[in-house]
Each structure stands twice: as C-alpha cells, then as structure tokens.
Amino acid sequence: MKILFSLTILWLIAICSYAQNTANYVPSRVLHYTINIDSINLEKKYISANAIVKTIAKADNKFCLMLEGLKIKTVYYRFGFRRKLAPAVQHGSFLIIKTNDDFQEGDTVNLEINYHGFPKSDARWGGFYFNGNGCFNMGVAMTSFPHPCGRFWYPSNDSFTNKATYNINITVPQGYVASCTGALCAHKQKPNQKTEYQWSIEHPIPSYLAAIAINKYNRITARYNQIPIEIWHKLSDSTAAKFYLSKMPKMLEAFEHFFTPYRWNKVGLTEVDFNAGAMEHAENIFFPSYAFIPGNYNETMAAHETAHSWFGNLVTCKTPSDMWLNEAFATYCETLYLEYTYGKDSARFYQALQHQSMLETIIEYKNEPAMPISGIDSLHTYSTHTYKKGQSIINALRYYVGDKAFFEGCKNYIEKYAFKNATSEDFKHELELTSNKNLSDFFNFYIYGKGFVNYHNTILEVKKKKKEYITKLEIKQQLYQTKDYNKANKLELMLIGQNSESKIDSIEFTKKDTTIYISTQFMPTNAIINPFGKACEPSITFVNTISQKGNYVFPNATLQIININKPMIVSVEKGYISNILCNKNKEYFQQYYTIKTSKNDATKANITLQFPRIAGKTIVRINNDETHEIIKNYNLKKTAEYNYFTIELVNGVYIIKE
C-alpha cells in the first residue's frame, strides 16, 4: 500500500502540473527531426546537442515544442533562405519560440535549437539513463505526462499522433558505439579520437519510438527474407546475442503468418543496462542485460517487443486510454509466437499462466478494483489491466469470432491504419466486417466494461435414449465487480465419463442463465466449463489426461501421481468470488478451487494448491458433491510468499491436509 500510495501522489502531482502547463500550449506539428549530439560526458551525465526540427506553421508567428530538464542555449529559425535568431522561453516542459515573421497556415519552418544539460528519467519507468558504462533512453514515461518522453533528451512533440522521420547523429568517445533508431548510414572519425555515428529512419514514428544507446558494443548480423537483423551487445554477452539472433527470424515468420508482411527496413535489438523490461523502439528494440545472461533467456519478451512492429509502432493507439491496442496485442503475440513455434499445447499452458498471473496480480497482490481496458485512467495506462487482462480478452475475442474472422480482421486493421493511429472502435469495425457479427455486446462488456462473470454449470439429469445419453445442464453467470451480466457468451463445455471418455461442445447464449442439452455415446459423470480458458473469467481452469506416475505441473496446481492403473482426466479450477465487507463498504474476494476427475478408484495422488496472499477463506469443491471450507487467518495485507495445502486422493476418497 505504501508503494501504491506514493505512486498515486506522484501521479496526482504530475497530472495536475501537466494540466496547468498545457492550458495554453499545443505542440507544433513536426515532420522531421535531425538530432546532433556532439558532446556527451558519461561520467558527469551531461549532453550538449543541436536539433533541427522541421515544423508546420500555424497562421501566426509562434511555435511550441516540449523539452524537460534541459536548458536552451540559442534558437534560430529558417524559412526559405533566411536564418534568424528567435526569442525562446521555457515554461515547465514547454518551449515557446516566437519569430519575427508571420507565417501562413501550412508553411514549413525549420527550428534550429541548441541545448544542453543533464537528461532525466521518470520516477518509475522511462526517460534517459546513465547506467553501467554507457547511457540510453526508454521512450515512455509511466508516471510523467504525456507518456511519450522524447522531451527528456531532445525538443519534441510528445504525442502518439505526431509521427515524423529522423536523422540522429551521435559523437562518442573512443571505444564506444552509438546504436539508434533506424539504420546505421555511416560512421566517421572526428578529432580527439571520437567517432560520429549517423542513423536514419525513413518511416514516420511518434517521439517515444526514437532511441539512442551508447556503450562498448559489438554487432552481429543475419537476414530474414532480405530484411537485415542486427544485435548490438556488450562484448561479454556474445552467447546470448547469438541466441536472440537465431530466434528473430522465427518471430518475424510467425507474425507475418498471422498478420501482414514486415513493413520496416530493419530488425534490431540492443542490449542496455536496464532492470525493468524492454522497449520497442522502431527498428531497434532496447533489451535489458538481465535477459542476456546465458541460461536466462527471455524469448517471449523478445517476441513481445518484436510484435510491436505491427501493434504500436506500425498502428499506434490514438490516445493512451486505448493503450491495449499496443500492449495487449503485443502481450497476446507472445502466445501466438509459442503456438506457431512450439505448438498449441505450449501456447495453451503459457496462456493459462498469463491469465492466472493477471488475476493474482490484480486481485490478490494489489487488491485493485476491476477496470476497463479501453478508457483506462492515466495512472494505469501501463498496468496489468492493459497488458495481461487485455491479452486474455483478445484470446476470448479470437474464440468468439473464430480464427478466420479474427486474423483477417487483424490484417485489415493493420493494412488500413499502417503508419497511422487507431481507436478501439476502428478495430471493432474491422472485426465486424470479417465476422459478420455485431460486436457491441462483446465490446461493451469486455473492452469498455470493468468486471467479469464466472460461469458455473450443474448437471440436472442424464437420460439414456437408445445408444445415446442426453445430458441436461444448467449454466449460470456469477458477477465479479460488475452489475451487468454478459450478453456475448461463447463457451466450451467438456463432458467426461468414468473411463475418461470426453466430448467438447461449443455453446453460445445471450441471457443471464441458460439450459442446454448435449448428447454423448458414454455416460457423463462430470462437466467442465471453459476447460481450455477460451472465455475470459475471474478463474483459470486447466485440464490434463494423466496415465502414469510422476509429477505434473498445472498453472494453478501441482500433482504428484503415486499410483494409477488407467488414464484419468483431472481438471483444476482456481477462481475468485466477490465479497462485500459491509462495515467498510469495500469489496474483497474469496478464493475457491474446483477439482473434477474421471473416476479411478485405484489412484493415489497428492494435489498441492495455494492459499491466496490475502483474504481469509478458501473454498474447495470436489467433483460437485463435496464442499470444504478452509480457513487461513491473515491480516488483509500483502505477504511475501504463498502458503500451500494438499489434497490427498486415495481410491476415490479425498482428504484435505494443511
């Protein structure tokens, strides 16, 4: 709570300050930046630089850019063949330039800005860093506003919608290399044993995707379908660099398979001394050193950042409140990469881990209220809601419309809005065209709505009709932090028999509750709803068929099979129920487990489950006919570790041990 409270105070101060400062200032439209950093002192953490900013004039004599933490030396403007000195003042993070000429709307004017100082970083994540033997930037600031933070190292228009091209020229000390956005055009020797590296990107990008990293780098290269791939790494990390170089072609192949051809001129990945994730700078991902340690490769992180070449870099959200269009898609692409490269079982397990991680982070660790993924507030732009809840909803949307309509809609969305900006409604429209479905109910509940519904089923009766069994089931929705029932329900339902027979049906309904009938060739003894996590619930279910002794790891449980004489289907569901503590009028949760198995009286097994980090009660339901209430007394606060309990299964009898 202390950390969250501190971040909340920082956020309130930042957003109030930003609101006051932006009342009269609107940054000028920028077409191109030429950034020349001619002096950089790594020890003193100081830069001296010049930026030539090609802007579009309004019908007046003023221009506005953003520059924060750095000081202006001089400003000139060039219009036609004239170069004139321009008065400039800094108001907070804004740079106001007044010229002696009145321009017409749409005139192109070059602003030449000489500046220097000590680049800053965000209080939480992003900005400019001097770490290790070098320096680098991370393009978004999570508690500063606006989130794009080019202004921390060059005069910029920090918005998601202003896209411009770049030339970046960096002079570095002997032995150092500059790795930047785009492609390396040239490098040349300069006086005093210094080297100038000249980089350029021809595709327009928002300011947060421009990048600079300086260190003692080595470069290794490869190609994918004539697209250059470059890894810039520290000399000590060549093994990890080769690993990532070998994986990048498969990532590009996977995302081209699911979406559209790669539209950029190069793929790059640069190692930086950062300890909190990676950044998808255009044509040059900045990747943390902790993931460059041999044996600690983070393949899905690299896949996530590579996927931004489609979602975020190519098609950019129009506003930060729609950040899920960038980050949730890149997060879901981690699953898609595993599906394409390692198969659907690997992807299913990873997707289950992602969904469970989201629920545990939001509900248990942070005890946060449910939030929409579109229209999310600025404090949570870069949060678990945006990334992991968003990717779980995308997974559900894929199932809801079907693979063909989903991927065709994604392709059309990318092609239509390439190098542009888009909204949730833009994406919804493309999916409605390919699916021939009205997606308003789905978007209203999952995208614009806050909470979840949990689905529960009951077998009402089973009748034998000739050689078939007709099972009547009731499915009910249970609300979690929402007042509205879902009208866009699509679920899988798995019936299992005592000899581990199974059948999966897909069902759709719009009402609060529904009754369905399913026919099978076997006598059903159990029904498992949403067995493969294709619907987005405040729960995670994982199903496996087990046929031999050994240890089995589920995303939400650990099984030790001591003895078994025939295959057995095991399903473990971990979920959450809302509870209102009336005396505080605040919503907390109650955890539950539902364990379902096909019958096997000769089995001996241990199933290990977790108590939550907070809350005081866990409900365990076993095969629909036994309910156990386990009390664990906690203060309502975060705890460092989980506590566990074990269910022992012996010849069909369950015993709970703490």
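With viscosity set to 1.002 mPa s at 20 °C, what whole-number translational diffusion coefficient in µm²/s follows for the range 321-448 from Stokes-Einstein and a Kirkwood radius over Cα pairs? D = 142 µm²/s.
For the range 130-262, the average shadow cast by the Cα convex hull is 9.8 nm², which is a quarter of the hull's surface.
Spread over its residues, the convex hull of the C-alpha atoms of the range 236-294 is 90 Å³ per residue. With contacts taken as Cα pairs under 8 Å and at least 6 residues apart, the chain reaches a relative contact order of 7 percent. In summary, the lysines within cross-link reach of Lys503, defined as a Cα separation below 20 angstrom excluding same-chain residues under 8 places away, comprise Lys344, Lys463, Lys464, Lys465, Lys466, Lys467, Lys472, Lys490, Lys534, Lys566, Lys596, Lys599. Against the chain, whose longest principal axis is taken from its Cα atoms, helix 344-359 shows a tilt of about 80°. Counting only aspartates and glutamates at least 8 places from Lys511 when in the same chain, those with an alpha carbon closer than 17 Å to its own are Asp441, Glu474, Asp484, Glu492, Glu537.
Reducing the range 220-238 and the range 430-494 to their Cα centroids gives an inter-centroid distance of 47 Å. Under the convention that each Lys and Arg Cβ holds +1 and each Asp and Glu Cβ holds -1, the size of the dipole of the chain around its Cα centre is about 340 debye.
Using the Kirkwood formula on the Cα atoms of the range 120-174, what hydrodynamic radius do you get, in angstrom to one decimal? About 12.3 Å for the range 120-174. Taking all protein chains together and rolling a 1.4 Å probe, Asp158 ends up with roughly 10 Å² accessible. When Arg151, Arg398, Arg82 are compared by accessible area of protein heavy atoms, the largest-first order is Arg82, Arg398, Arg151, using a 1.4 Å probe. Restriction of the chymotrypsin sites (Phe, Trp or Tyr not before Pro) in the range 76-143 to DSSP coil positions whose beta-carbon has at most 13 other beta-carbons within 10 angstrom yields Phe81.
Note on Glu415: accessible area is roughly 110 Å² with a 1.4 Å probe, heavy atoms of protein only.
Peptides 590-598, 84-92, 66-74 ranked from most to least packed by the mean count of surrounding Cβ atoms within 10 Å: 590-598, 66-74, 84-92. Solvent-accessible surface (1.4 Å probe) assigned to Lys437 amounts to roughly 60 Å². Here Lys266 is the anchor, and the lysines within straight C-alpha reach of less than 19 Å, apart from those fewer than 8 places off in the same chain, are Lys163, Lys242, Lys247, Lys250. Over the chain, dividing the summed -39,500 (n - 2.57) contributions of all DSSP H runs of at least 4 residues by the number of residues returns a 222 nm mean residue ellipticity of -6000 deg cm²/dmol.
Taking a ≥ b ≥ c as the square roots of the eigenvalues of the alpha-carbon gyration tensor, the range 328-391 is classed oblate because a/c is 1.5 or more while a/b is no larger than b/c.
Ordering Ile546, Ile56 by accessible surface, largest first, gives Ile56, Ile546; the 1.4 Å probe counts only protein heavy atoms, with every chain in place. Pull out a ≥ b ≥ c, the square roots of the eigenvalues of the alpha-carbon gyration tensor of the range 249-356, then state rounded if a/c is under 1.5, prolate if not and a/b is larger than b/c, and oblate in the remaining case. Rounded shape, in that the Cα axes give a/c under 1.5. Projected onto their three principal axes, the Cα atoms of the range 461-556 cover extents of 43, 41, 17 Å, largest first. Overall, the range 358-483 carries a charge dipole of about 720 debye about its Cα centre when +1 sits on the Cβ of Lys and Arg and -1 on the Cβ of Asp and Glu, all other atoms neutral. Residues Ser506, Ser374, sorted by accessible area with the largest first, give Ser506, Ser374 [1.4 Å probe; ligands and nucleic acids excluded]. I need the fraction of alpha carbon pairs in the range 52-180 separated by more than 22 Å, rounded to a whole percent. So the portion of pairs separated by more than 22 Å is 41 percent.
Taken over the Cα atoms of the chain, the convex hull encloses 174 Å³ per residue.
The values are calculated or read from the model by the stated rules, or taken from the named source; none is laboratory data. The model shown is predicted, which means the values in this text are computed figures rather than measured ones. With ideal geometry, Cβ positions are generated from the backbone for all residues, glycine too; neighbour counts draw on all protein chains shown. Accessible surface is based on the protein model in full, side chains and every heavy atom, while ligands, DNA and RNA are left aside. Shrake-Rupley method; radii C 1.70, N 1.55, O 1.52, S 1.80 Å.
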